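Coordinate-derived values only; no laboratory data. What you are looking at is a predicted structure, and each value in this text was computed from that prediction instead of being measured. Reconstructed Cβ throughout: ideal geometry from the backbone, glycine too, with neighbour counts over all protein chains shown.
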Amino acid sequence: MEYISWAWLLIIAACLAIEAFTMGLTTIWFAIGGVAAWVVYFAGAGIEIQIVVFLLVSILCLFLTRPFFVEKLKVGKTRTNAESLIGEYVKVVTEINNINNEGTVKVGGQVWSARSLNDEVIAEGEMVVIKKIVGVKLIVERK
């Protein structure tokens, strides 16, 4: 039955290798489950118990800790260029009026076309928050 020990080691190594290449914070939890099953193997438990421990530990780790680590490590959420503007507060340069198709805001020294989120008229000089980007226009809302 020593081959079971090697099987758990192979599962652990495979999960770690996959995680190293994907960085998706998914297979790392199955590697942890593999370690738990390997420990249970050395404690003398049968293969059924080892598989149950592997699945329980892996799934619990996946669902209970992954969201925390994904948020802390910002996995898969790299905002670049224009997307990084969302949530920023900016000043209206010219009145925003969706009906007349006009309005601009100044963001980091650049003037962008802007439209209001709720079709409201926003006066020059007001502060607004960028909610989304559609094409080359910023969709904004009053602060």
**Q.** Nearest 10 degrees, 0 to 90: helix 27-42 Cα axis against the chain principal axis
**A.** 20 degrees
Q. How many lysine pairs are close in the chain, with Cα atoms under 24 Å apart and the two 8 or more places apart or on different chains?
A. 18
**Q.** Degrees separating the helix 47-73 axis from the principal Cα axis of the chain, which is the longest one
**A.** 20 degrees
**Q.** Answer label for semi-axes √(5λ) of the Cα gyration tensor in Å (calculated), chosen among [x] 33, 21, 11; [y] 56, 13, 10; [z] 24, 16, 15
**A.** [y]
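How do Tyr3, Tyr41 rank when sorted from fewest to most other Cβ atoms within 10 Å of their own Cβ?
On the way: Tyr3 7, Tyr41 21.
With the sparsest Cβ surroundings first, the list reads Tyr3, Tyr41.
Among Cys61, Cys15, which comes first, second and so on when ranked by fewest other beta-carbon atoms within 10 Å?
Values: Cys61 18, Cys15 21.
By the 10 Å Cβ count, ascending, the order reads Cys61, Cys15.
What does the charge dipole of the chain about its Cα centre add up to, to the nearest 20 debye, if the Cβ of each Lys and Arg holds +1 and the Cβ of each Asp and Glu holds -1? Walk me through the numbers on the way to the answer.
On the way: 13 positive and 13 negative charges, 49 e Å.
Value, rounded to 20: 240 debye.
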(Q) If I fit a long axis through the Cα atoms of helix 2-22 and take the longest principal axis of the Cα atoms of the chain, what angle between them do I get, 0 to 90°, rounded to 10? (A) 10 degrees
Q) At Val129 and Leu10, where each label point lies 7 Å from the Cα along Cα→Cβ, what is the point-to-point distance in nanometres? A) 5.4 nm
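Under the rule a/c < 1.5 gives rounded, and otherwise a/b versus b/c splits prolate from oblate, where does the range 2-73 land using the Cα gyration tensor? Spell out each step's value before the answer.
Details: a/c = 3.47, a/b = 1.68, b/c = 2.06.
Note, shape of the range 2-73 comes out oblate.
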